[in-house]
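Colleague: Pasting a structure here, questions to come.
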Amino acid sequence: MSTPQTPLPQQAAPPSWESGYTSPIPVVRAHLGHAIVSEWTKIRSVRSTVWTLGIYMLIVLGMGALIAWAIVRVPSEFHGSENPLAFGFFGLLVGSVCIITLGVLTVASEYGTGMIRTTMTACPSRIRVLAAKAVVFFLVAFTTTLFSAGLVALVHTALLDGTGARQPTGEEWLRGTLGISLYLAMLGLLSLAVGAILRHSAGAITLMIGVVLAPLVLAAFMQVESLEKLRDALFDYSIPSQMAVFYANTGATLRDSGPSGWDSLWIILGMTAAAFAVACVLLQKRDV
Amino acid sequence: MIEAVGLTKRYGDKLAVDNLSFQVRPGAVTGFLGPNGSGKSTTMRMILGLDNPTAGTVTICGRPYRELPNAPRQVGALLDAKAVHGGRSARNHLLCLAQLSGIPARRVDEVLGVVGLHDVAKKRSRGFSLGMGQRLGIAAALLGDPQVLLFDEPVNGLDPEGILWVRNLMKSLAAEGRTVFVSSHLMSEMALTADHLIVIGRGRLLADMSVKDFIAANSAGFARVRTPDTEPQQREKLTSVLTEAGAHVLPEQDGALRVTGLPLPRISDLAHEAGVRLWELSPHQASLEEAYMRMTQEAVDYRSTADQKAGLMQPLPPGAEPPLPVPGQGQPGWYVPPPPQRDERASAPDTAQSSGTSGRPAAPAEQPSAPVAASAADPADSAPSEDAR
């Protein structure tokens, strides 16, 4: 466009339909790296990202601070052999709603606004678009969670240090920061895949919050003896329980049943992989 | 170069696009015309790989869109101006599209300048007017400096300056040797912009020919005949004489007659023999709009009708004349001249003249028009019955 157009060799030559116009801007072969850079621009240039992540950090750090305040006020209550990092759990449980929202919005907001048609026209490889979104979202969610959870854990251990509580072991540190951050980022990725399947923001967010809460609510109403096994399974494998596993004491599980150690991460990894497989198939098959 | 072969798209039991085959060539602006709901946008979406065709294929430079190695560098598209995230600024919107295909970021500022959105580049696109949104969409299409450009209704919502700009832009893009494919439902706009026309109705191909051939093949010339206003019986007399001679006579709003099917000298002779004086006898060529209307009138899905206001009218005051109907409103075939008879076309002075001055060798010009003349005859068969209503 801005290139000087005065000499037009195409016009002088007889209309050779095959040659047409050649752009002076060098053409590169587009790949996943381009898509990732593009998705990074997208995710940082809308306010909804800033708001959801801001509220998320506010919840995690705010609830952490509230508990820290409680520790300072009544330090004797927090003695014992329990994992001192466990207090970070509550903030992340509430904050998971924000991660779910951001994950869903990363894909579904494009469908809501119609942007997806522009995106898919600019990058006809739909799997590449989904992969780029997943990579960028995962890194953003993981980094934010690691920062917030790490900060809260550091503050709590520092405050508990003087009260006679034990220091967390290395394994506990790893699970309470890196592990839980990976888990929450995977939960967000699951939401992202669900957003790509449902293509509707409100529907996908509602479904994901239901997935987090429904097993616990259902279990609470299953007071019948015959349903005891199902109740326990629902309770053990509900997402809040899976998150709590990252704060369990090393070696000793509170319960015989249910996930332990790093099991939760493998469970969510499997769920996310399955959701992505469905999303990819649908994405390839459906009209945008 | 866009090539569609047997393109078909079915939504449930509705056939949106029906066995459409056409080629869009470089170096020309090709207009893509059809009434609302005729399948233009669906075809555009299939070209861009957004919708999968039920049958048939469409390729760009020999490849399906989804197999192009770097699609935005070969094809630029304006599908609809609302396909943006309203919370993102114009510049960031274009930047993320540029990054997707490895286009340098300074190109973004270039196209922002081209479409005149430099001053609002940092503003969120939610606040954009329809025309500004359209400009942003055009900027996105130009971003990759592609050799094939598709525009779906590009002048929607643009101001007169913008419309003129888009017209010139498309012509200059085509002059650079690019393929420019523009859909519109405005025939008058296409008459000014396009070199070649592809007309569809109800998903089927109605015409694929140059604009000049289109007019020559589809618009009948007609004569405007005016008898003295003071003597209405002369007008009736002339009408019956001309009708007997095989002409098709339609009264016009101002009392003149629109006569088709007879050359002007013959009308004059008949009037003279009948002893009818003429105040006016003038040749007219139907516009592209009229040609298009006649071609697509059978294929219109959504047709307006006259607002009857049944039972809601106030009784007219005694002595008042009922208002005259607005020409054309609720009367689909009112302004539609009967179709050119294929054998008579040579004798009709206007059509003979226009096909003679088209500056093209006669043989190739006749070739593409032949199938269309046949298809144009179908809708025209019903024209007289619609006139009678």
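Colleague: Can you give the average number of partner chain beta-carbon atoms within 10 Å of each beta-carbon in peptide A:24-37, as a whole number?
Modeller: The per-residue average across the peptide is 5.
Colleague: Find how much the distance from B:Ser172 to B:Arg224 grows on full extension, using 0.36 nm per residue of separation minus their present alpha carbon separation; answer in nm with one decimal.
Modeller: 14.9 nm
Colleague: Still on this structure, I have one more. How would you order B:159-169, B:111-121, B:29-39 from highest to lowest mean count of nearby Cβ atoms within 10 Å?
Modeller: Per-residue Cβ counts within 10 Å, averaged per peptide and sorted highest first, yield B:29-39, B:111-121, B:159-169.
Colleague: In region B:2-217, carbon and sulfur make up what percent of the accessible area (probe 1.4 Å)?
Modeller: 51 percent
Colleague: Continuing with the same structure: Using C-alpha positions alone, give me the convex hull volume of region B:156-195 per residue in cubic angstrom.
Modeller: Normalising the Cα hull of region B:156-195 by residue number yields 65 Å³.
Colleague: Something else about it: When the scattering of chain A is computed by the Debye formula from its Cα atoms alone, each counted once and equally, what is log10 I(q)/I(0) at q = 0.08, 0.12, 0.14, 0.15 Å⁻¹?
Modeller: After summing over all Cα pairs, the log10 values are -0.45, -0.83, -1.05, -1.15.
Colleague: While we're here: I'd like the accessible area for A:Tyr237, computed on protein heavy atoms only with a 1.4 Å probe and all protein chains in place. Round to 10 Å², please.
Modeller: Estimated to the nearest 10 Å², A:Tyr237 gives 120 Å².
Colleague: Please give the length that would be gained between B:Lys123 and B:Asp307 if that part of the chain were fully extended, namely 0.36 nm times their separation in residues minus their C-alpha to C-alpha distance (nm, one decimal).
Modeller: That works out to 61.9 nm of additional length.
Colleague: Further question on the same structure: Relative contact order of region B:3-106, please, whole-number percent, based on alpha carbon pairs below 8 angstrom and at least 6 residues apart. Provide the component values of the computation, followed by the final result.
Modeller: Values: 109 pairs, mean separation 24.9, N = 104.
Once divided by the residue count of region B:3-106, the mean separation gives 24 percent.
Colleague: Also: Tell me, what ³J(HN,Hα) does each residue in region A:204-217 have, in order and in whole Hz, if you take phi through Karplus 6.51 cos²θ - 1.76 cosθ + 1.60 with θ = phi - 60° and put x for Gly and Pro?
Modeller: Here the 3J(HN,Hα) series is 5, 5, 4, 4, 5, 5, x, 4, 6, 8, 4, x, 5, 5 Hz.
Colleague: Please work out, to two decimal places, the log10 of the ratio I(q)/I(0) at q = 0.12, 0.19, 0.21, 0.22 Å⁻¹ from a Debye calculation in which every Cα of region A:72-187 carries one identical scatterer.
Modeller: -0.55, -0.96, -1.09, -1.15
Colleague: I need the phi-derived Karplus couplings for region B:151-166: 6.51 cos²θ - 1.76 cosθ + 1.60, θ = phi - 60°, integer Hz, Gly and Pro marked x.
Modeller: Taking θ as phi minus 60°, the curve returns 10, 9, 6, x, 8, 3, x, 7, 7, x, 4, x, 5, 4, 4, 5 Hz for region B:151-166.
Colleague: Additional query: Could you grab the relative contact order for chain A? Cα pairs under 8 Å, six or more apart, rounded to a whole percent.
Modeller: That works out to 23 percent.
Colleague: Taking beta carbons within 10 Å but only from partner chains, what does the mean come to for residues B:48-57?
Modeller: The per-residue average across the peptide is 3.
Colleague: Residues with amide H under 5 Å of B:Leu262's amide H, sequence separation 5 or more or different chain, H placed in the peptide plane at 1.01 Å from N; which?
Modeller: B:His248
Colleague: Could I ask something else about it? Given the protein chains as shown and a 1.4 Å probe, how many square angstrom of A:Ser260 are accessible, to the nearest 10?
Modeller: 40 Å²
Colleague: Could you sort the peptides B:78-89, B:198-209, A:167-178 by per-residue average Cβ neighbour count (10 Å cutoff), highest mean leading?
Modeller: So the peptides B:78-89, B:198-209, A:167-178, ranked by packing, come out B:198-209, B:78-89, A:167-178.
Colleague: Follow-up question, since we're still on this one. Any number yet on Rg/Rh for region B:51-133, C-alpha, Kirkwood?
Modeller: 1.04
Colleague: What's the whole-number percent of alpha carbon pairs in region B:220-289 lying beyond 16 angstrom? Write out the running numbers ahead of the final one.
Modeller: Numbers: 918 of 2415 pairs.
Within region B:220-289, distances greater than 16 Å cover 38 percent of Cα pairs.
Colleague: Same structure, new question: In whole Hz and in residue order, list the ³J(HN,Hα) couplings for region A:126-140 that follow from phi through the Karplus curve 6.51 cos²θ - 1.76 cosθ + 1.60, θ = phi - 60°; x for Gly and Pro.
Modeller: 5, 5, 5, 4, 5, 4, 5, 4, 4, 4, 5, 4, 4, 5, 5
Colleague: Return the carbon/sulfur percentage of the accessible area of region A:193-288, one whole number, probe 1.4 Å, all protein chains in place.
Modeller: Within region A:193-288, the accessible surface is 69 percent carbon and sulfur.
Colleague: While we're looking at this one, here's another question. So with the 1.4 Å probe, I'd like the accessible area per residue for region B:2-217, rounded to whole Å².
Modeller: Dividing the accessible area of region B:2-217 by its residue count gives 33 Å².
Colleague: Show me you know the interface measure: the accessible area buried between B and A, both chains summed, probe 1.4 Å, in Å² to the nearest 100.
Modeller: Chain pair B/A: roughly 4300 Å² of buried accessible area.
Colleague: Based only on Cα atoms, what Rg/Rh ratio does region B:2-217 have, Rh being taken as Kirkwood's radius?
Modeller: Ratio of gyration radius to Kirkwood radius for region B:2-217: 0.96.
Colleague: Using the Cα atoms of region A:135-288 to build a convex hull, what is its mean projected area in square nanometres?
Modeller: Convex hull of Cα atoms, orientation-averaged projection: 11.6 nm².
Colleague: Also, I was wondering about something else. Around B:Asn19, which amide H atoms from residues at least 5 apart in sequence, or from another chain, sit under 5 Å from its own amide H, with H modelled in the peptide plane?
Modeller: Under 5 Å from the amide H of B:Asn19 lie the amide H atoms of B:Thr8, B:Lys9, each far enough along the sequence or on another chain.
Colleague: If you don't mind, another one. With N set to the residue count of region B:117-177, report its C-alpha Rg divided by 2.2 N^0.38 Å to two decimal places.
Modeller: 1.15
Colleague: Quick one: compute a quarter of the convex hull surface over the Cα atoms of region B:194-247 and quote it in nm².
Modeller: 6.3 nm²
Colleague: I'd like the distance separating the alpha-carbon centroids of region B:32-107 and region B:211-237, in whole Å.
Modeller: 46 Å
Colleague: A further question follows. If you count, for every residue in B:17-26, the Cβ atoms of partner chains within 10 Å of its Cβ, what is the mean? Intermediate results must be reported in sequence, preceding the final value.
Modeller: Numbers: counts 0, 0, 0, 0, 0, 0, 1, 0, 3, 8.
Counting other chains' Cβ atoms within 10 Å and averaging over B:17-26 gives 1.
The values are calculated or read from the model by the stated rules, or taken from the named source; none is laboratory data. Only a predicted model underlies this, so the values are computations on that prediction, with no experimental measurement involved. Glycine also receives a Cβ, built like all others from the backbone with ideal geometry; neighbour counts cover every protein chain displayed. Accessible surface is based on the protein model in full, side chains and every heavy atom, while ligands, DNA and RNA are left aside. Shrake-Rupley method; radii C 1.70, N 1.55, O 1.52, S 1.80 Å.
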